[in-house]
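Reviewing the structure listed below.
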Amino acid sequence: MMTMPRFVDRQVPVKDEIFLDHVAYFVADLDMAGVQFQRLGFACSDVNLQTNLDDDGIARPSGTSNRLIRLRRGFLEILAATHATPLAAQLQAARSRYEGVHLLAFSHADLESQRMRLIANGFEMQSMAHVRRKEPGSAKQVAWSVLRPEAYVMREGRIQFAYPHTPELSWPPGSTEHANGAENLTGVILCVADMHEAIKRYELYLGREAKNRCIELDRGYIAFMTPAEQLEAGPQLEIPDVPYVCAVTISTKDLNQTRSALRLNGVTPLFDSSSILWIGPADAMGCYLGIHERLYVPF
């Protein structure tokens with residue numbers, strides 16, 4: 001374990017910064033998933049219908065709806081298919097492999113420049129998506145731009161760039177307080193069959209070099225391990241399929257507060273130390289959830 005050299009304490013990136021913005025859990029039932037995350041001590045938003053602007057500027061259902069767990073920096077998203085669209089079909093296909101995290105979103109201030117960079121690096125990219133939704137009780141719209149590769153390009157899931165144009169609506173005051181003390185989204189660990197190939201591809205995708213099997217961003221990290229390494233970590237660790245988004249890490253302001261919230265709801269961590277505790281996939285909606293106090297990278 002090593003200390004991260006920096007963690008930009010800002011919600012929105014500027015200039016050439018890249019943040020790990022959010023991850024998304026693909027689920028069958030948004031209500032049931034919300035109950036499960038509340039057991040872990042998270043506050044979940046109401047259900048939001050997602051829409052994209054078409055070429056005529058008309059907002060149409062994207063095919064998915066979500067609930068949000070807003071953190072002080074970043075967020076967790078819970079996604080389900082709610083309309084018959086290609087995007088919903090992709091979600092269902094991903095869920096057929098395993099229920100859990102299938103979406104990683106990285107944030108950059110200039111998505112058009114990122115699109116040109118990615119195309120120059122050989123990535124086949126979709127047109128920019130402009131996501132809009134009405135904020136309940138307000139005339140204002142939450143607005144995001146989303147940049148995705150073609151569906152077959154990144155085999156680990158829906159790996160995308162995103163930019164929040166209305167952060168004051170995406171993270172409204174009072175929405176980031178959780179009973180478990182959760183504060184920041186800090187990282188993701190991918191289980192991949194060919195570590196060398198995956199690291200090289202993500203280095204190109206993110207424009208950052210890996211060190212010790214980990215790509216450190218201006219806020220957050222993405223790390224890589226193989227199935228053999230995951231099995232060596234302990235017999236309780238299971239791999240539903242490869243590739244697999246096997247772990248998400250978040251920081252808490254007080255690990256004892258986290259322990260109390262879990263104990264109150266009958267959740268027992270798989271592993272608990274002075275610096276980090278790990279919750280298993282059965283309790284954490286399909287992947288391992290690491291909650292820690294100090295920022296770190298795993299390798």
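For first residues located in segment 106-126 and farther than 11 Å from Val153 by Cβ and in a strand (DSSP E or B), partners that are at pLDDT 95 or above and among the hydroxyl-bearing types (Ser, Thr, Tyr) and lie 6+ apart or on another chain with Cβ distances below 9 Å form the pairs Phe106/Tyr205; Ser107/Tyr163. Do we have any residue at all in segment 265-279 that's modelled with pLDDT under 95 and in contact with a His (Cβ under 7 Å, 6 or more places away or on another chain)? Taking every residue of segment 265-279 in turn, at least one turns out to be modelled with pLDDT under 95 and in contact with a His (Cβ under 7 Å, 6 or more places away or on another chain). Could you identify the single residue in Gly157, Gly122 that is out of contact with any Ser or Thr (no Cβ under 9 Å at 6 or more places or on another chain), of a type outside the set (Asp, Glu) and closer than 23 Å to Arg73 by Cβ? Every option except Gly157 fails the conditions. Being within 19 Å of the chain's Cα centre (by Cα) and aliphatic (A, V, I, L, M) is a property that Val267 lacks.
Across segment 165-188, what is the total count of residues that are in a loop (DSSP other than H, G, I, E, B), among the polar types (S, T, N, Q) and closer than 18 Å to Phe42 by Cβ? Walk me through it before giving the result.
Filtering segment 165-188 for residues in a loop (DSSP other than H, G, I, E, B) gives 165-166, 171-181.
If we keep only those that are among the polar types (S, T, N, Q) as well, we get 166, 175-176, 180.
Those still in the list that are closer than 18 Å to Phe42 by Cβ too: 175-176, 180.
The total comes to 3.
If you go through segment 1-27 and keep only what is modelled with pLDDT under 95 and closer than 15 Å to Thr249 by Cα, you end up with Met1, Met2, Thr3, Met4, Phe7. Here segment 73-110 is the region considered, the condition is being out of contact with any Phe, Trp or Tyr (no Cβ under 8 Å at 6 or more places or on another chain) and among the small types (Gly, Ala, Ser), and the residue that is modelled with the lowest pLDDT is Ala84.
Within segment 159-180, residues that are among the β-branched types (Val, Ile, Thr) reach partners that are in a loop (DSSP other than H, G, I, E, B) and modelled with pLDDT under 95 with beta carbons closer than 9 Å, at six or more positions or on different chains, in the pairs Thr166/Glu135; Thr166/Lys140. Comparison of Ala89, Ala162, Ala81 shows that the only residue that is surrounded by 15 or more Cβ atoms within 10 Å (Cβ to Cβ), assigned by TED's automatic domain parsing to the domain that holds Asn48 and farther than 25 Å from Asp16 by Cβ is Ala81.
Any chance segment 20-31 includes a residue that's hydroxyl-bearing (Ser, Thr, Tyr) and either under 15 Å from the mean Cα position of the chain (by Cα) or surrounded by 20 or more Cβ atoms within 10 Å (Cβ to Cβ) (or both)? Yes, segment 20-31 has at least one match.
When segment 247-271 is filtered for residues that are touching a helix residue (DSSP H, G or I) at 6+ places or on another chain (Cβ under 6 Å) and under 22 Å from Leu20 (Cβ atoms), only Thr252 remains. Checked against (1) modelled with pLDDT under 95; (2) surrounded by fewer than 22 Cβ atoms within 10 Å (Cβ to Cβ); (3) among the hydroxyl-bearing types (Ser, Thr, Tyr); (4) more than 16 Å from Leu217 (Cβ to Cβ), Ser113 passes all but condition (1).
Answer yes or no as to whether Glu177 is of a type outside the set (Lys, Arg), surrounded by fewer than 18 Cβ atoms within 10 Å (Cβ to Cβ) and under 30 Å from Asn256 (Cβ atoms). Reasoning before the result, please.
On the way: of a type outside the set (Lys, Arg): yes; surrounded by fewer than 18 Cβ atoms within 10 Å (Cβ to Cβ): yes; under 30 Å from Asn256 (Cβ atoms): yes.
So Glu177 fits the description; yes.
The values are calculated or read from the model by the stated rules, or taken from the named source; none is laboratory data. For clarity, every value in this text was computed on a predicted model and none was experimentally measured. Because the Cβ atoms are built from the backbone with ideal geometry, glycine has one as well, and the counts that use them run over all protein chains shown.
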